[in-house]
Amino acid sequence: MNTIAVFLRRYRIEVLRFLKFSAVGVLGTVIDLGLLNILVRMAGWPLLAANSLSFTCAVLSNFTWNRVWTYPESRERPVTTQLPQFLLVNIIGLAMNNLVLLGLHGVFRRFVPDPYDYNLAKMCATGFVLFWNFFANRFWTYRGL
């Protein structure tokens, strides 16, 4: 194959992986937002604690689906190596998510009624962290696949 054809094939594969990663992320977002709202609205948890737990549950779902669907060839690698890598990337992602959530919540609550204020902040935080999670996992957790 010529160089351009190889590049285009590789590009197409990476775009498909990103789309799969994003679809898995949509499921994770549903889990994250659903649990966040249950914990804050129904259980009365503080926003930061609820966000940390809901984010963690979404991360575990995302790891499972990315291992099974987005990067199925990664199942040849030990989960005992991959899961800690994925968790470390996502712990950094959680810190970023919490910072963006709290910062934007402070702004949005002045103009947007509860619960839309923290949900809007959460959606912005999720979009911001999506790119960190994808690229950090792609080049570390799923390197060489």
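Would you check which residues across the stretch 19-55 are free of Cβ contacts under 8 Å to residues at least 60 places away in the same chain and of a type in the set (D, E, K, R) and list them?
20
So that you can scan it fast, the table gives a plain yes or no per residue for (1) basic (Lys, Arg); (2) surrounded by 18 or more Cβ atoms within 10 Å (Cβ to Cβ); (3) within 22 Å of residue 40 (Cα to Cα); (4) in contact with a Cys (Cβ under 8 Å, 6 or more places away or on another chain):
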site: 106; (1), (2), (3), (4): no, no, yes, no
site: 115; (1), (2), (3), (4): no, no, yes, no
site: 118; (1), (2), (3), (4): no, yes, yes, no
site: 122; (1), (2), (3), (4): yes, yes, yes, no
site: 138; (1), (2), (3), (4): yes, yes, no, no
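Scan the stretch 8-56 for residues that are among the aromatic types (Phe, Trp, Tyr), out of contact with any helix residue (DSSP H, G or I) (no Cβ under 8 Å at 6 or more places or on another chain) and surrounded by 11 or more Cβ atoms within 10 Å (Cβ to Cβ) and report the count.
0
Any idea which residue in the stretch 64-94 is surrounded by the most Cβ atoms within 10 Å (Cβ to Cβ), counting only those that are under 25 Å from residue 125 (Cα atoms) and without any contact (Cβ under 8 Å) to a residue 24 or more places away in the chain? Before the answer, list the steps.
Of the stretch 64-94, the ones under 25 Å from residue 125 (Cα atoms) are 64-67, 69-71, 82-94.
Narrowing further to those that are without any contact (Cβ under 8 Å) to a residue 24 or more places away in the chain: 64, 67, 83-84, 88, 91.
On the way: 64: 13, 67: 21, 83: 15, 84: 11, 88: 13, 91: 13.
Ranking the candidates gives 67 first.
All of the numbers you see were taken from the coordinates with simple rules; none came from a lab. This is a predicted model, so every value here is computed, not measured. As a convention, Cβ positions derive from the backbone with ideal geometry for all residues, glycine included, and neighbour counts pool all protein chains shown.
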